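Here, each number is a calculation from the coordinates, and none is a lab measurement. Just so we're clear, the structure is a prediction, and the values are computed from it rather than from any experiment. For neighbour counting, all protein chains shown are included, and Cβ atoms are generated from backbone atoms with ideal geometry for every residue, glycine included.
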Amino acid sequence: MGGPSGTFITVEESHRLLAYEDLATGGSFIVFNNSRSIFQIVKNFTDFFAHESCGFCTPCRVGTSLLQKQLDKIVLGHGSAGDVVELERIAGLLRQYSHCGLGQTAANPVLTTLERYPELYQQQLKKISYEPGFDLDAALQVARQMAGRNDAAAHLQQVEE
Amino acid sequence: MANLTIDGQVVGFEPGQTIMEAATAAGIYIPHLCHKPGYTPHGSCKLCSVKVNGRVCSACTFPAADGQQVISQSAELQQDRRHITQLLFVEGNHFCPSCEKTGQCQLQAVAYELKMHDNHFPQFYPQRALDASHPDIVLDHNRCIFCNLCVRASREKDGKNVFGISGRGIHKHLIVNSESGLLKDTQLTVDDAAAHVCPTGAILIRNTAYHVPIGQRLFDHQPISEVSLEHDHGQ
Ligand code: SF4
Ligand code: SF4
């Protein structure tokens, strides 16, 4: 409701009103059917804001790009226990401290879906306590190619078992 | 004289003053980086965020008003200022132990003041250039936090317009206004305010690096909260 910076609502909330007192909108609303991936929608909107940020103030300039990184980490399956909390932390900084409305609402896609589909985010997390933001083994691919190796010793486990 | 309160302390102010100016005059430190007395306020770093009657505002740009209740030192604000400082660290490349500015750097000193022990957020590791073209001044873009002070200093104090800000979002960057984009082709000299105003180690004067040894530097023995009030009072 209200475009990328608006509110994400579910079918169960279809009784809600389009009004300043309830769901405020500048006139735009988008309807998604169940063939759409919620993560894909959130990611599109989050990428959009990272691209649109003018860069004037610190929270929005860095925050929109960090939010994008952090969301990608979770969506791509590299997230672990603390990563949703981290996502909320970045979103909170954006909302509270950004200079203008763009930054203040840039985290709405994340925040309003997190509120409605917390289990979706949790399911996406790995069952370990910490996962680095990059893929260690994938980072070695170029080195393996150059060395012409692909044996077990040329691969690294991300986390010690 | 009209009054407002900062963390419960009654503070008088002159009409036209900002919350930051009223606080400084009363000996209250509010963390800041893009603000400097005597310069047009910018309000971009957001470190001076305070709560005014429950709303977040930038103290350096927000006008003081009678009866305002300002919260500055709450645990929440201090934690969020620490996070904002961490954002500044991860977006650039700051390796303090090998930086000439260490001990005199306001970014580093603010980080200490806010008890920042790590960068917390993932690093961006941007690829940024070093402009060593000028005989007397070095510009290391890796340490620029876009506070805009050099831009303002060059325009307002030196009447030269040597620096500018360009780009959007995370691609925002400092530019040098010359055909080549290099400092050597500008009118910038070591006597300019713009050459000395940088709060970080982005603009450095050559051959001065270790004149003041580490251990005897500005922030080595005094926190920025004290240094800042002493300096800013004088202006
Ligand atoms: S500019 Fe300041 S914070 Fe950055 S590396 Fe130098 S001393 Fe550290
Ligand atoms: S070079 Fe220094 S003074 Fe200029 S914008 Fe960057 S941090 Fe600020």
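Laid out as a table, the results:
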| item | result |
| --- | --- |
| Among B:138, B:126, B:161 - extreme Cα towards positive end, dipole of the stretch B:83-170, charges at beta-carbon | B:161 |
| Rounded, prolate or oblate (a/c below 1.5 giving rounded, otherwise prolate when a/b exceeds b/c) for chain B by Cα gyration tensor | prolate |
| Degrees, to the nearest 10: A:58-75 long Cα axis against longest axis of chain A | 60 degrees |
| Between the stretch B:54-115 and the stretch B:172-226, the alpha-carbon center distance in angstrom | 20 Å |
| Which of A:81, B:17, A:44, positive extreme of dipole for the protein assembly as shown (C-beta unit charges) | A:44 |
| Distance in nm between pseudo-label sites at residue B:179 and residue A:151 (7 Å out along the Cβ direction from Cα) | 6.1 nm |
| Residues A:13, A:88, A:119 arranged by fewest to most Cβ contacts within 10 Å | A:119, A:13, A:88 |
| Inter-chain shielding of A:59-71 (mean C-beta neighbours from other protein chains, 10 Å cut-off) | 5 |
| Chain B: relative contact order in percent, alpha carbon pairs under 8 Å with at least 6 residues between | 20 percent |
| Relative contact order %, the stretch B:82-205, counting alpha carbon pairs below 8 Å whose residues are six or more apart | 28 percent |
| Chain B, dipole about Cα centre (Lys/Arg Cβ +1, Asp/Glu Cβ -1), debye to the nearest 20 | 520 debye |
| Proxy reagent accessibility, fewest Cβ within 10 Å first, across B:226, B:91 | B:226, B:91 |
| Charged-residue dipole, Cβ positions (Lys, Arg, Asp, Glu), the stretch B:175-235 about Cα centre, Debye nearest 20 | 240 debye |
| For chain B, with +1 on Lys and Arg beta carbons and -1 on Asp and Glu, the positive-most of B:213, B:75, B:190 along the dipole | B:75 |
| Gyration tensor (alpha-carbon) shape descriptor, the stretch A:1-132, a/c threshold 1.5 | oblate |
| Relative contact order (%) - chain A, alpha-carbon pairs under 8 angstrom, separation at least six | 24 percent |
| Charged-residue dipole, Cβ positions (Lys, Arg, Asp, Glu), the stretch A:3-124 about Cα centre, Debye nearest 20 | 300 debye |
| Under 23 Å between alpha carbons - lysine pairs in chain B that sit 8 or more apart or on different chains | 18 |
| Footprinting exposure proxy for B:96, A:60 (fewest neighbouring C-beta atoms within 10 Å first) | B:96, A:60 |
| Estimated 222 nm signal from helices in chain B, with DSSP H stretches of n ≥ 4 weighted -39500 (n - 2.57), rounded to 500 | -5500 deg cm²/dmol |
| Cα gyration tensor, the stretch B:31-160 - rounded (a/c under 1.5), prolate or oblate | oblate |
